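Inspection log for the structure reproduced underneath, given as structure tokens.
What follows is calculated from the coordinates using simple rules that are stated; it is not laboratory data. No experiment lies behind these values; they were computed from the predicted model shown. Positions of Cβ are generated from backbone atoms using ideal geometry, with glycine treated the same way; all protein chains shown enter the neighbour counts.
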Amino acid sequence: MRRTNLFRMVAATAAATLIATAGATAVANPAVARPADPAAAAGTGFAPAATNLAQGRPTQESGHADVYDSSRVVDGNPGSYWESVNNAFPQWVQVDLGSSQSVNQVVLKLPTAGWGSRTQTLSVRGSTNGSSFTDLVGSQTYTFDPASGSTVTINFSSASTRYVRITVTANSGWPAGQLSELEVYGSGGTTGDTIAPSVPGTLSQSTSGSTITLNWGASTDSGGSGLAGYNVYRGGNLIATLGTVLTYQDTQPATATVSYHVRARDGAGNLSGNSNTVTRTGSNPPACTNVAQGKSMTASGSTFSFTPDKANDGQLTTYWEGAASYPQNLTVALGANHSISGVTVKLNPDPAWGTRTQTIQVLGRDQASSAYTSLVSSAAYQFAQGSNVVTIPVSATTADVQLRFTGNTGAPSGQVAELEVCGTPAPNPDLVVSSVTWSPTSPSEVSPVTLSAVVQNIGSASAAATTVNFNLAGAVVGSATVGALAAGASTTVSFNAGTRPMGSYAVSAVVDPANTIVEQNNGNNSFTAGSPLVVAQAPGPDLQVLGIASNPPNPAVGASVSFTVAVRNRGTAATGATTVTRLVAGSTTLNTNTASIAAGATVTVAVSGSWTATSGGATLTATADATNVVTETNETNNSFSQSIVVGRGAAVPYVSYEAEAGRYQGTLLEADPLRTFGHTNFASESSGRKSVRLTSTGQFVEFTSANEANSIVVRNSIPDAPGGGGIEATISLYVNDVFSRKLTLSSKHSWLYGNTDGPEALTNTPQADARRLFDESNALLAQSYPAGTRFKLQRDSGDTAAFYVIDMIDLEQVAPAASQPAGCTSITSYGAVPNDGLDDTAAIQRAVTDDQNGVISCVWIPAGQWRQEQKILTDDPLNRGTHNQVGISNVTIRGAGMWHSQLYTLTEPQNVVGGINHPHEGNFGFDIDKNTQISDIAIFGSGRIRGGDGNAEGGVGLNGRFGTGTRISNVWIEHANVGAWVGRDYDNIPDLWGPADGLEFTGMRIRNTYADGINFSNGTRNSRVFNSSFRTTGDDALAVWANPYVKDRNVDIAHDNHFVNNTIQLPWRANGIAIYGGYDNSIENNLIYDTANYPGIMLATDHDPLPFSGTTLIANNGLYRTGGAFWNEDQEFGAITIFPATRDIVGVTIRDTDIIDSTFDGIQFKNGGGNIPNLAVTNVRIDKSNNGAGILAMSGARGNANLTNVTITNSADGNIVIQPGSQFVITP
């Protein structure tokens, strides 16, 4: 149970308040309170006995919380304690001294270990008969201070009493009465009775509903103290301490079987033997069907991970707990009206869950209404420890059952482990598809196909007219009307699906797909044929374009570019005639005659003519048989398109606008000359090292667009929460001075703290030094706005963050959501529901597994927000390793666009209930083994830190071996530890070793990570990242790491990997691009901006890589405001840094590159254990090395560099500097 003793103690400590007391004498020191020598107390007027008259005596109470019953105040153990019912003052506890005794002092105690000081307001009362009490000491406030043993001694005039009661009306430390010991002292009374009363006469029981009446015969007592009363036991546990009455009533559910016995008690506390035992046997209720099982649960709120689904998962060890103030609602949607007879509410029967009372009202909603009405009035229900089950009789017809909680004596909120509803479906229709067929049964690509479905109403009421959707391979291809159906009736409907390409198609049909009819069961509306529809290839030729190659592959502006096109005849006959292969590049059209192509053959067509490369690039489209001279079996598959990028950087679809370049009213933030990082330096972490801070109502930043746009991304910083964890706050968006909407900004994924540079040494706990200050918020706007539109971000009165730092915005014209492609099966066919906030992982996993197993041919993720709380992977049937690390293979996953099809998670990886199904790769994204294509989706993780802070994890968007045949395109990843980590160590399931080979990432948008953007490791080869953008990565945005954890270190060396035409902005840790070992890798045509503390580009042999060999090319890159200081600001890095930490770095060429406005050096050769021989620098421009040299060879560096056509200007420390002690030679 969550509410632990420690929780009570800490809360009590925080709430403790010292209150001065008056009236009765309160002594904090027990040595003074109870002197051993009566003469020592004579002066006070009190002469207490040295014997505690209450020790071990019977007790009673007004009630108790959890397991903290009244017997603990007389057990002699100051560490145990009684706690009354919470939030229900006044409360009392009393001790029976056995007979009237002369008393003049009570000593009250609380535990000391872990308990804070507190005050309790209480009175001491006495009684001779247990029913009529008078004050011995009136109500006063007493302080229980651990410094004084948490002991209060109360002296009073001697009184004769048998029962001593402490009545508590207030407690500054906890909303209940609390005592660990109640000691009573005085001169005492008659002693020496050791004779127990006689056994009570015959015990009998009678039952009326849930009331059990017990009767027994009287006992006698001959010991002298007199018969005091009787103790009643249920199941061997004391439930009542009575006077001399001979009857008792207990309330138990009619279904419960319970046993009782009685013992007599005399004035000295002696107990008789047990009476006979009687048993009331519970009645078995009529058979009940739990109609809530498997149904959707919602709640008005939840505490931590105790979410409403836990109340319907079949596990008593999990539970829902409400949040915020009462009332709190828990609702189960039955789907349609049901006739219900009862609701059963269960809690965990474990002894840790003590008895508690919850106040519950039962409400319902008719299927034809949106309003809830009361079914059972609010009442208090006791959940008895050991069973913890309450059944509430209900007689109603309802589609929803709602429990409304207004009280719980055992916790601050309502709690339910399982909610069961006893009932049967009310009269309603129930539509099912009983079969699906098609005609002809064996079609070819040219045969129109007719799909048919038999629809039945198996319900108990007639159904109105509706429709049937027909699906091929999970895609809806059409629908047919279904007329009204009486109960028990059926009909057959059909749809002409036209011709279909060759292939195998799963065929299914869904009746009432929009759920317009209320049914007894909405879960049985679909039917899938047992065998697929197989469309055979039609005879004849069929041309396809497979790909386009350009020469040069990465042209500069103005270059002449030629092309080749791969054309395949997938048909059964040769094309015969000469055809025209057409290539369109931008506005240029090139036609080439192509001779006859044999059936099954692929030819490479050299396209006549060339295209002059233009800035930014173009879309290339190739078409086979462009003039339609050949009659083909499929005329729809003749074209193929891809992009070509010209110049540096990625051809991104958005335009970025800097805050400092706009119109603003606020404070301009500018970085200091050293661009200091890690000490809450907003400007150093800003694009262009400038941003604008808004602190007052009415302040704004305004941007005038140069492009059409229907979306906005805002890079911003708002404050953290005082205790960490981030906040959300709005800012107002105005368009052309007209209010458009509120944008929600968040700091939940920013603000890392610490004065250390260790990769996993930061924390989310606030302190003076902070970094990773910025995050981004995005929104699709209600309409498209033309170029020239003014977008203003303004702090209005309802925008409540203490400050807003605006760095930049992106404006983009987002294309409409794409339609489901032919051959792809939607995840909705597997039960995923968009935008409902519920976990869709199971549906996505089933769809991916079916694709992997050949059941479907492609997974479609439609437009919508889809919650994912577990990594998608392949179940390991051999269960190798602590975590499953088998990825998916032979899978295609497509979405409607990165702005439209978005996967997200709400749970940080380390907080997933039951644990993640993966190690630090996290609980979102995909684990890939080989031959997987993923495109046009977004993956938004839940990471808030790289790791190390309380076992926190950030998660990885895409990870695995990747193998051969994998292509990833147009995927947006944010809030992950790493965007994509490529490779697994060989000893991680050696049988599955398969490094990435031919992997390609294109059109990626990776932002706001806590470590790398994309890392090629574990022998990755022949792979590239192309035309992608990276922003605010927490380690290398792009890296090749030729690590040694491979199968064969002589073979599995990272090689022929290429980072081409990428844009990298604002890495807040480590490099823009790095290569650690390997051969024939390259960094070409990239733009790198604003690294916070490390180089824009680095070649290095730290991290224990395999050796450099062959060539490493750095060509045609632009680096702006890169380099920085790190490792306690003791190491300075150049914009391009060569660091042979352990091994030589050989075969390096740097050419055709601009290095501008560097924080320290332009090019830096570091010292280390290795050499840098024969490095070539050609056609490089270095300008404005602000705090360093144009080119620096550090002391201890070894090697040589040959410079050709290198221009160096405006260097703070000189153009070329070789430090003393350097063995590095630079030849101009």
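Provide the packing ranking of 162-172, 886-896, 581-591, i.e. peptides ordered by the mean count of other C-beta atoms within 10 Å per residue, highest first. If you can, show how the numbers build up before the last one.
Details: 162-172: 20.9, 886-896: 22.5, 581-591: 18.4.
In descending order of packing, they fall as 886-896, 162-172, 581-591.
Could you state the angle between the C-alpha long axis of helix 841-852 and the longest principal axis of the C-alpha atoms of the chain, as a value from 0 to 90 degrees rounded to the nearest 10?
Computed tilt is about 40 degrees.
Find the Rg to Rh ratio for the chain, where Rh is the Kirkwood radius over alpha-carbon pairs and Rg uses the same atoms.
With Rh from the inverse mean 1/r over Cα pairs, Rg/Rh is 1.08.
Please give the net charge around residue 680, taking every other residue with its beta carbon less than 12 angstrom from that of residue 680, where Lys and Arg add +1 and Asp and Glu add -1. Spell out each step's value before the answer.
Values: positive: 771, 772; negative: 685, 720, 769.
Taking every other residue near residue 680 into account, the sum is -1.
Taking H as built 1.01 Å from N, whose amide H comes closer than 5 Å to the amide H of residue 65, not counting residues under 5 places away?
Residues meeting the criterion, in which the H sits 1.01 Å from N, are 83, 84, 85.
What is the set of long-range amide H partners of residue 745 at a cut-off below 5 Å, with H atoms built 1.01 Å from backbone N?
Those qualifying (amide H under 5 Å, at least 5 residues apart or on another chain) are 729, 730, 731.
Find how many whole Å separate the alpha carbon centroid of the stretch 769-820 from the alpha carbon centroid of the stretch 1059-1112.
31 Å
Given only helices, namely DSSP H runs of n ≥ 4 each adding -39500 (n - 2.57), what is the per-residue ellipticity at 222 nm of the chain, to the nearest 500 deg cm²/dmol?
Working: 4 runs with 31 residues, N = 1228.
Dividing the helical sum by the residues of the chain leaves -500 deg cm²/dmol.
Around residue 229, under 11 Å between beta carbons, what's the net of Lys plus Arg minus Asp minus Glu among the other residues?
Numbers: positive: 263, 265; negative: 96, 221, 266.
Once all neighbours under 11 Å are counted, the net charge is -1.
Starting from the amide H of residue 1180, placed 1.01 Å from N in the peptide plane, find each other amide H under 5 Å away whose residue is 5 or more places distant or on another chain.
Those qualifying (amide H under 5 Å, at least 5 residues apart or on another chain) are 1152, 1153, 1206, 1207.
Take every Cα-Cα pair in the stretch 1059-1111 and report what % of them are more than 16 Å apart.
Numbers: 619 of 1378 pairs.
Counting pairs separated by more than 16 Å, the tail of P(r) holds 45 percent.
Along the charge dipole of the stretch 703-860, which of 816, 845, 802 sits closest to the positive end, that is, farthest toward it, with unit charges on the beta carbon of Lys, Arg, Asp and Glu (+1, +1, -1, -1)?
Of 816, 845, 802, it is 802.
So for each of 1177-1187, 514-524, 414-424 I average, over its residues, the number of other beta carbons within 10 Å; can you give me the resulting order with the highest mean first? Can you show the working numbers first?
Numbers: 1177-1187: 20.3, 514-524: 15.5, 414-424: 23.3.
Descending packing order for the listed peptides: 414-424, 1177-1187, 514-524.
Quick one: which of 451-457, 199-205 comes out on top by average Cβ neighbours within 10 Å, and what's the full order, highest first?
Values: 451-457: 22.0, 199-205: 16.4.
Going from most to least packed, we get 451-457, 199-205.
Could you tell me which chymotrypsin sites (Phe, Trp or Tyr not before Pro) in the stretch 1083-1171 are loop residues by DSSP with no more than 16 other beta carbons within 10 angstrom of their beta carbon?
Details: sites: 1089, 1108, 1120, 1126, 1127, 1133, 1160, 1165; in loops: 1127, 1160.
The qualifying sites are 1127.
Can you tell me which aspartates and glutamates have their Cα less than 14 Å from the Cα of residue 792? Leave out same-chain residues fewer than eight positions away.
658, 660, 702, 737, 807, 810
Mind checking which aspartates and glutamates have their C-alpha under 16 Å from residue 295, skipping anything on the same chain fewer than 8 residues away?
309, 313, 400, 418, 420, 519, 836, 839, 840
For the stretch 1071-1228, rounded, prolate or oblate, judged on the Cα gyration tensor with a ≥ b ≥ c (square roots of eigenvalues), a/c < 1.5 rounded, else prolate if a/b > b/c? Walk me through the intermediate numbers first.
On the way: a/c = 1.23, a/b = 1.17, b/c = 1.05.
Rounded is the answer for the stretch 1071-1228, as its axis ratio a/c remains below 1.5.
Counting each pair of different Cα atoms once, what's the Kirkwood radius of the stretch 825-1061 in Å, rounded to one decimal? Could the numbers behind the result be given before it?
Details: mean 1/r = 0.0575 Å⁻¹.
By the Kirkwood definition, the hydrodynamic radius is 17.4 Å.
Please enumerate, by chain and number, the lysines with C-alpha under 29 Å from the C-alpha of residue 1184, excluding those fewer than 8 residues away in the same chain.
Partners found: 690, 1166.
I'd like the antiparallel share, as a percent to the nearest 5, of DSSP beta bridges with both residues in the stretch 1028-1165. Mind showing how you got there, number by number?
Numbers: 3 of 43 bridges.
Approximately 5 percent, going by the DSSP bridge assignments.
Among DSSP beta bridges lying fully in the chain, give the percent that are antiparallel, nearest 5. Before the final figure, lay out each step's value.
On the way: 237 of 365 bridges.
Antiparallel bridges make up about 65 percent of those DSSP assigns within the chain.
Does anyone have the angle between helix 5-15 and the longest principal axis of the chain? Alpha-carbon axes, 0 to 90°, nearest 10?
Between helix and principal axis, roughly 90 degrees.
Looking at the stretch 981-1082, what % of the alpha carbon pairs are farther apart than 18 Å? Spell out each step's value before the answer.
On the way: 2255 of 5151 pairs.
In whole percent, the long-distance tail amounts to 44.
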